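The values are calculated or read from the model by the stated rules, or taken from the named source; none is laboratory data. As the structure is a computational prediction, the values presented were derived from the model and not from experiment. Counting neighbours? That spans all protein chains shown, and the Cβs are built from the backbone with ideal geometry, glycine included. Surface areas here come from the heavy atoms of the whole protein model, side chains and all, with no ligands, DNA or RNA. Shrake-Rupley method; radii C 1.70, N 1.55, O 1.52, S 1.80 Å.
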Amino acid sequence: MTRIEQILSGLQSIVNDYSRFAIIWHALFYFLVAALLLKWTPSNRVFGMLLCLPLLSVSLFAWAGGNPFNGSLFAIAAVLVFIFGLKAPDQPVETSGLIFFLAGIIMVSFGLIYPHFIKPASFIGYLYASPAGLIPCPTLSVLIGLALIFNGFGSQSISLLLIIFGLFYGAFGVFKLKVQLDLFLLFGAVIYLIKYLLSIRVSAT
């Protein structure tokens, strides 16, 4: 078995063995969406700190699935995002402009129905069984989507970290693992990079 086959097999095992946790994560994400639709407006600091939880979850499942590389990277990411979140502004989150807002919705939706690695009996299964919170690409898609919607939570550090992870895992998924669906993650990371560069240009003027 090649290294690529081992990685794909490991990801598939995580999805198969911990499917109940995928359902739990979906419940949490949908609860968050419902709260936001009901006009809950958390601070950038609180929202930024919350992002560390799905990253930590991916790390734990990566270690459980025998992938120390993903386990280490996502553990580091979780710690850094928590620290960056602590330093984020305490003002309520603000939504981005229309283009980035819509791109964010697409990314969150894609992450929550990420169809690779699962074969549900009906389409409804995709709404709760995708491995967001378990493996890297769908999790990063959701987080990048939320960051696009909410203007990076006022933190350039969180933005840069998510961009780097999104570009790396999106490109690795598409070009090495041959998971073409990860083009969506790559797309979201590039859009986020454009937003990040535009914000730097504005702040410099």
> Within region 160-174, can you find the residues that are in contact (Cβ under 8 Å) with a residue 12 or more places away in the chain and either open to solvent by 10 Å² or more (accessible area, probe 1.4 Å) or of a type in the set (A, V, I, L, M, F, W, C) (or both)?
Replying inline: Leu160, Leu161, Leu162, Ile163, Phe165, Leu167, Tyr169, Ala171, Val174
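Quick check on region 53-82: of everything there that is of a type in the set (Gly, Ala, Ser) and not in a helix (DSSP H, G or I), which residue is surrounded by the most Cβ atoms within 10 Å (Cβ to Cβ)?
At the first step, the residues of region 53-82 found to be of a type in the set (Gly, Ala, Ser) are 57, 59, 62, 64-66, 71-72, 75, 77-78.
Adding the requirement that they be not in a helix (DSSP H, G or I) leaves 65-66.
Values: Gly65: 22, Gly66: 13.
Checking each candidate, the answer is Gly65.
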>> Six or more apart or on different chains, Cβ atoms under 6 Å: show the pairs whose first residue is in region 66-90 and under 19 Å from Asn151 (Cβ atoms) and whose second is of a type in the set (Phe, Trp, Tyr) and open to solvent by less than 10 Å² (accessible area, probe 1.4 Å).
In response: Ala88/Phe153
> Assuming Leu177 fulfils every condition listed in (1) in a loop (DSSP other than H, G, I, E, B); (2) open to solvent by less than 10 Å² (accessible area, probe 1.4 Å); (3) hydrophobic (A, V, I, L, M, F, W, C) apart from one, which condition is it?
Replying inline: (2)
> Could you list, in sequence order, the residues of region 27-52 that are surrounded by fewer than 20 Cβ atoms within 10 Å (Cβ to Cβ) and either farther than 22 Å from Thr95 by Cα or among the basic types (Lys, Arg) (or both)?
Replying inline: Ala27, Lys39
>> Considering only residues that are within 22 Å of Leu37 (Cβ to Cβ) and either at pLDDT below 90 or assigned to a loop (DSSP other than H, G, I, E, B) (or both), which ones fall in region 129-146?
In response: Ser130, Ala132, Gly133
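Here's the yes/no breakdown for (1) part of a loop (DSSP other than H, G, I, E, B); (2) touching a Pro at 6+ places or on another chain (Cβ under 6 Å); (3) among the hydrophobic types (A, V, I, L, M, F, W, C); (4) at pLDDT 95 or above:
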{"site": "Ile24", "(1), (2), (3), (4)": "no, no, yes, yes"}
{"site": "Leu28", "(1), (2), (3), (4)": "no, no, yes, yes"}
{"site": "Val33", "(1), (2), (3), (4)": "no, no, yes, no"}
{"site": "Trp40", "(1), (2), (3), (4)": "yes, no, yes, no"}
> How many residues does region 91-128 hold that are open to solvent by 70 Å² or more (accessible area, probe 1.4 Å), outside any helix (DSSP H, G or I) and in contact with a helix residue (DSSP H, G or I) (Cβ under 8 Å, 6 or more places away or on another chain)?
Replying inline: 4
